[in-house]
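K.L.:
One structure, pasted below without further comment.
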Amino acid sequence: MVARQDAKEPFDFTVAMRRLRAAVRPYPKAAMFELHDEGHTSVFEQLVACIISIRTLEAATLATARKLFAVARTPERVAALTVEQIDELIRGSTFHRPKAAHIRAIAHATIERHGGALPPDRDALMEFAGVGPKCANLAVGVATGLAAGIPVDIHVHRVTNRWGVVAAPTPEKTMPRLEQVLPKRYWLEINKLLVPFGKYVCRSPRPKCPHCPLLSMCRQVGVNAVDPTPPPDVGVASEPAAAD
Ligand code: SF4
């Protein structure tokens, strides 16, 4: 069901965010936010967890980050490990070998260049190999509660382009365009909401539009076929594939 465009309401971010908060309530939190709630609140931990999460399922990200942090959660502890030891600990993540080298290098640089604590500075974080704008924005945002930029992953990219509030071919190009239209107070929360929403409702390739609370205002850009089955209520049995 792709609704008639002339029947659509104007897109209202405040209304959309309110509906999204209710829609994602049954679903697991995005991994970085879950780890924050478990006490992994430093910029360093958040950055390491985000590196682990790249192209990795949420459940595997959580298990892998917890495994590493149980052994080493500070820059000093991580720097004391070899790349091989880190690689073994994060083996549940994709591309674990290069990620292990990046994580160890970040731990050393944190000690040598930043006095043992990474600053909440996205430009400083993006100087590290393996860290792009999404992880830099997310690490700073989740650690401090204040987003310096919107963490645009594949879910934020896909959903906001379907809404029709931006038109961009990649997450990197969606980020600056979305920052022009989305009120700053939502820059971090949109990631928190659209990660589960994109996994369980506005899925790729067939979104569950007939059951979507945003159908009245979403332009459904690029949606040619929808999934008529309802989203799961709670406790999904299998997790959709990782895409970022
Ligand atoms: S599920 Fe459909 S109506 Fe809802 S946000 Fe996605 S494309 Fe729009």
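K.L.:
Considering every residue within the stretch 78-90, establish whether at least one is charged (D, E, K, R) and at pLDDT below 95.
P.N.:
no
K.L.:
Which one of these is among the small types (Gly, Ala, Ser), within 16 Å of the chain's Cα centre (by Cα) and within 11 Å of the ligand (Cβ to nearest atom): GLY145, GLY198, GLY164?
P.N.:
Answer to the check: GLY198.
Condition check ((1) of a type in the set (S, T, N, Q); (2) under 17 Å from ALA30 (Cβ atoms)) across all residues:
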residue: PHE128; (1), (2): no, no
residue: LYS134; (1), (2): no, yes
residue: ASN191; (1), (2): yes, yes
residue: PRO232; (1), (2): no, yes
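K.L.:
Using beta carbons and a limit of 9 Å, which pairs, at least six apart or on different chains, have the first residue in the stretch 119-137 and closer than 17 Å to ILE52 by Cβ and the second one surrounded by 20 or more Cβ atoms within 10 Å (Cβ to Cβ) and among the hydroxyl-bearing types (Ser, Thr, Tyr)?
P.N.:
From the stretch 119-137, the pairs are CYS135/SER53.
K.L.:
Follow-up question, since we're still on this one. When you scan the stretch 44-54, do you find a residue that is among the polar types (S, T, N, Q), under 24 Å from ASP121 (Cβ atoms) and surrounded by 19 or more Cβ atoms within 10 Å (Cβ to Cβ), even just one?
P.N.:
yes
The values are calculated or read from the model by the stated rules, or taken from the named source; none is laboratory data. Predicted model, so just to flag it, every value in this text is computed and none were measured. So basically every Cβ, Gly included, is an ideal-geometry build from the backbone, and we count neighbours across all protein chains shown.
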